[in-house]
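The values are calculated or read from the model by the stated rules, or taken from the named source; none is laboratory data. Since this is a predicted model, take the numbers as computed values, not measurements. Don't worry about glycine lacking a Cβ; one is built from the backbone with ideal geometry, like all the others, and counts go over all protein chains shown. For the accessible areas, the whole protein counts, side chains as well, though only heavy atoms, and no ligand, DNA or RNA atoms are used. Shrake-Rupley method; radii C 1.70, N 1.55, O 1.52, S 1.80 Å.
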Amino acid sequence: MKNSTPITRRSFVETSSKAAAVAALAGLVRPLARGGVSPNERPNVALIGCGGRGRFVSRVMVDEAGANCTCLCDLSDDRLNQCWKFLEEVQPAKPRFEKDYRRVLEAKDVDAVIVATPDIWHAPITIAACQAGKDVYVEKPHSHNIWESGKMVEAARAYRRVVQVGTQNRSKEYNLAARDYVRSGKLGPIGLVKVFNLKSGERFKLGEPGRPPPNFNWDMWLGRAALRPYHQRLFQTGWHQYWDFCGGDMTDDGIHQLDLALMLMGDPGLPKSVRAMGGRFVHRGDDSEVPDVQVIDWEFDSFVMTFELSAYPRYMVKSSDTLRRKTLVTDWKQNSTRIEIYGAEQMMIIGRHGGGFVVEKSASQVVEKMFGQAGDAEHYKDFIGAIKDRRRANADIAIAHPSNVIAHMGNIAHRIGNVALRYDATRGTFDDPRANALIKPPYRKGYEIPDAV
């Protein structure tokens with residue numbers, strides 16, 4: 001949020017550097033700001049960002065995970081009202097409305113926040129929430145760039161907060177079973193992992209600029225992004241088409257599969273190199289900046305992982321109705337969000353958005369399979385449980401950091417000319433200064449994240 005001073009840690013709490021260092025070394029999460037929540041109590045949560053995803057998360061968090069929503073925060077009056085209309089079916093007490101997220105972080109009746117804003121606000125609000133003594137559920141991608149992700153890990157550890165990332169595959173039973181199967185070694189040595197994000201899409205036209213609604217702070221909505229005229233379509237969903245606000249579908253949806261693939265492979269850390277190809281091939285000449293075809297390769301110590309993205313074939317679906325009804329089919333080719341793991345003895349195909357997994361050997365003989373459906377409730381329950389138990393959640397910010405980094409690595413290699421880059425994970429740098437410049441892009445004055453979080 002813009003004001004006379006940048007967003008700083010002093011805006012929310014005054015914690016000595018010595019105390020923060022002790023907390024970081026302890027590696028634990030601190031009791032809630034209001035004195036802790038008993039195992040039978042419903043933690044108070046606030047939703048920041050009341051669009052469609054935020055509404056869904058908050059409703060399931062209340063209805064199935066055992067939270068109580070005390071506050072809704074959004075710059076749009078319409079979205080605040082729409083969110084409450086959706087939420088009131090599962091919660092009788094109306095939350096108060098706020099437009100300034102800082103007021104939410106100052107509130108004593110808020111234990112945790114759900115951050116469901118556009119991507120550029122994920123890191124600033126998460127860091128500020130940690131500083132304010134709040135736990136955080138942050139939607140993916142949890143950061144807009146590589147540098148921010150590291151700062152989020154620092155903040156979570158320094159203030160000993162629960163920070164759960166919305167990569168819900170880490171709480172799904174069939175995904176955990178698939179991980180155990182890979183761990184068993186039955187697939188044999190694995191040299192290749194293929195990740196798919198082959199979705200449909202349309203041409204994008206932004207249209208003419210307009211005027212923001214009354215009492216809507218357009219400057220705040222833009223955040224660290226460069227100033228530009230208000231467009232209703234940009235505010236609604238069009239921000240997904242511009243690098244200033246997001247990382248394209250690589251980070252919007254593909255990061256789910258990338259994170260799951262890393263989990264299945266035992267969370268191997270960061271790769272040594274990245275290579276990119278892609279561009280706007282099918283929807284040429286429209287207003288979008290992000291690719292509708294993107295192919296990325298990463299080299300890890302013991303395997304190569306590939307990623308293929310599309311935003312045009314109409315026949316591709318995340319998971320078909322057949323798969324979602326727990327009926328596995330033999331042909332997975334039109335599942336747009338699947339992962340294929342090629343072992344020397346067997347191969348595994350797993351559907352990220354439901355569908356379960358299947359393991360096959362020669363002649364397509366099925367040797368193992370498990371049904372599974374898409375869903376979020378387990379992940380939200382894990383977050384609420386972590387708040388009560390003061391433990392790290394399944395998709396703790398540090399666990400989610402590598403998948404976030406590799407997604408941004410792929411976009412960086414694409415944006416500077418579809419190049420190959422070496423990456424030094426110890427230093428966190430590339431072998432190309434153009435790529436290093438995008439690790440931490442510029443921040444508009446008044447919206448900076450300080451180096452010392």
(message) Let me make sure I get this right: for the stretch 131-261, a, b and c are the square roots of the gyration tensor eigenvalues over alpha carbons, sorted descending. Under 1.5 in a/c it's rounded, otherwise prolate if a/b > b/c, else oblate. Which is it?
(response) oblate
(message) Only sites in a loop by DSSP and with at most 16 other Cβ atoms within 10 Å count here; which trypsin sites (Lys or Arg not before Pro) in the stretch 114-185 make the cut?
(response) none
(request) Would you mind checking the tilt of helix 255-264 against the longest principal axis of the Cα atoms of the chain, expressed as 0 to 90 degrees and rounded to 10? (result) 60
(request) Sort the following peptides by mean Cβ neighbour count (other Cβ atoms within 10 Å, averaged over residues), highest first: 60-72, 370-382. (result) 60-72, 370-382
(request) Might you tell me the accessible area per residue for the chain, computed with a 1.4 Å probe and given in Å²? (result) 41
(request) Using θ = phi - 60° and the Karplus relation 6.51 cos²θ - 1.76 cosθ + 1.60, list the HN-Hα couplings for the stretch 177-185 in order, rounded to whole Hz, with x at every Gly or Pro. (result) 5, 5, 4, 5, 5, 4, 4, 5, x
(request) Compute the acute angle (0 to 90°) between the alpha-carbon long axis of helix 377-389 and the principal axis of greatest extent of the alpha-carbon atoms of the chain; round to the nearest 10°. (result) 50
(message) Charges at C-beta only: +1 for Lys and Arg, -1 for Asp and Glu. How large is the resulting dipole of the stretch 362-453 about its Cα centre, in Debye rounded to 20?
(response) 240
(message) Starting from 0.36 nm per residue, how many nanometres of slack lie between Ala177 and Val367 once their C-alpha separation is accounted for?
(response) 67.0 nm
(request) Report, by chain and number, residues whose modeled amide H sits under 5 Å from the one on Val163, excluding near sequence neighbours (fewer than 5 apart, same chain). (result) Val136, Ala393, Ile397
(request) Choose one of Gly266, Gln346, Ser364: the residue whose Cα lies farthest towards the positive end of the charge dipole of the chain (beta-carbon charges +1 Lys, Arg; -1 Asp, Glu; about the Cα centre). (result) Gly266
(request) Mind listing the long-range amide H neighbours of Cys246? Cut-off is under 5 Å, sequence gap 5 or more, other chains count too, H placed in the peptide plane at 1.01 Å from N. (result) none
(message) Quick check for me: using +1 on Lys/Arg Cβ and -1 on Asp/Glu Cβ, what's the dipole size of the stretch 180-328 about its Cα centre, in debye to the nearest 20?
(response) 420
(message) How would the stretch 378-451 be classified by its alpha-carbon gyration tensor: rounded, prolate or oblate, with rounded meaning a/c under 1.5 and the a/b versus b/c comparison settling the rest?
(response) prolate
(message) Compute, for the chain, the length of the dipole vector about the Cα centre, with Cβ point charges of +1 (Lys, Arg) and -1 (Asp, Glu) only. Units Debye, rounded to 20.
(response) 580
(message) Rounded, prolate or oblate for the chain? Axes are the square roots of the Cα gyration tensor eigenvalues, ordered a ≥ b ≥ c, and the cut-off for rounded is a/c under 1.5.
(response) rounded
(request) Mind checking which of Leu176, Ser143, Leu187 is farthest towards the positive end of the stretch 124-188's charge dipole, using Cβ charges of +1 (Lys, Arg) and -1 (Asp, Glu) about the Cα centre? (result) Leu187
(request) Run through the DSSP bridge list for the chain and note the antiparallel percent, rounded to the nearest 5. (result) 55
(message) As a test of the formula, what do you get for the chain when each DSSP H run with n ≥ 4 contributes -39,500 (n - 2.57) and the sum is divided by the residue count, at 222 nm and rounded to the nearest 500 deg cm²/dmol?
(response) -8500 deg cm²/dmol
(request) Work out from phi, with θ = phi - 60° and the Karplus expression 6.51 cos²θ - 1.76 cosθ + 1.60, the ³J(HN,Hα) of each residue of the stretch 441-453, listed in order in whole Hz, and give x for Gly and Pro. (result) x, x, 10, 5, 4, x, 10, 6, 9, x, 4, 8, 9
(message) If I compute solvent accessible area with a 1.4 Å probe over the protein chains, what percent of it on the chain is carbon and sulfur?
(response) 50
(request) May I ask which of Lys85/Lys388; Lys99/Lys151; Lys172/Lys445 have a Cα-Cα span longer than 31 Å here? (result) Lys172/Lys445
(request) Choose one of Gly285, Phe300, Val113: the residue whose Cα lies farthest towards the positive end of the charge dipole of the chain (beta-carbon charges +1 Lys, Arg; -1 Asp, Glu; about the Cα centre). (result) Val113
